[in-house]
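Report on one structure; see the data block that follows.
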Amino acid sequence: RRKRDTVAATLRRALCSRATLRPLYGELVYFEHEFQNPFAGDAVFVVEVGDDELAVVRDAAEVRALRTAAGLPGHAEEDAIGAGNRLFLVGHERVVVPFKYQSANPAAHLPPQLTGAPPNADFHAASLRPKTITVSL
């Protein structure tokens, strides 16, 4: 049991990545994350997003439109995400998972003096304060 827990913890650390977004209030931000099946055999992964403002983009037409608007070269992978945010991957297969983020929370954009934050708090005008969102695969 202990070995299995250690292997699972190691895999979680290896699959973890971090991105920093600094959107303006109401701005939609599109980004992609490459994910690889770490196993030699076929596996199913579920993408779980821990925030209502972040979503996996599942519609291929929407992905194409967002990629075009973001000026990203190349083409989008068709139907990378299955029903229920599932990824069906063969051994060591790589797939690009498309995400969009948009905040409609005006409080996240207020200067620190209006939110009770210390006056010397780091603040970028019209930009969101740091926020951590968990995405599990």
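Out of the residues in segment 59-89 that are open to solvent by less than 40 Å² (accessible area, probe 1.4 Å), part of a helix (DSSP H, G or I) and farther than 11 Å from TYR30 by Cα, state the one that is modelled with the lowest pLDDT. Within segment 59-89, the match that is modelled with the lowest pLDDT is ASN85. Suppose the filter is of a type outside the set (Gly, Ala, Ser), farther than 21 Å from LEU87 by Cβ and surrounded by 10 or more Cβ atoms within 10 Å (Cβ to Cβ); does ARG22 pass it? Yes: the conditions hold for ARG22.
All conditions but one from (1) charged (D, E, K, R); (2) surrounded by fewer than 15 Cβ atoms within 10 Å (Cβ to Cβ); (3) modelled with pLDDT of 85 or more apply to ARG12; the one that does not is (3).
Any residue that is among the aliphatic types (A, V, I, L, M), surrounded by 15 or more Cβ atoms within 10 Å (Cβ to Cβ) and modelled with pLDDT of 85 or more - is there at least one of those in segment 98-117? Looking through segment 98-117, none of the residues is among the aliphatic types (A, V, I, L, M), surrounded by 15 or more Cβ atoms within 10 Å (Cβ to Cβ) and modelled with pLDDT of 85 or more.
The values are calculated or read from the model by the stated rules, or taken from the named source; none is laboratory data. In this text the structure is predicted, and so the values were computed from the model without any measurement. Because the Cβ atoms are built from the backbone with ideal geometry, glycine has one as well, and the counts that use them run over all protein chains shown. Protein only, heavy atoms only, side chains kept; ligands, DNA and RNA dropped before computing areas. Shrake-Rupley method; radii C 1.70, N 1.55, O 1.52, S 1.80 Å.
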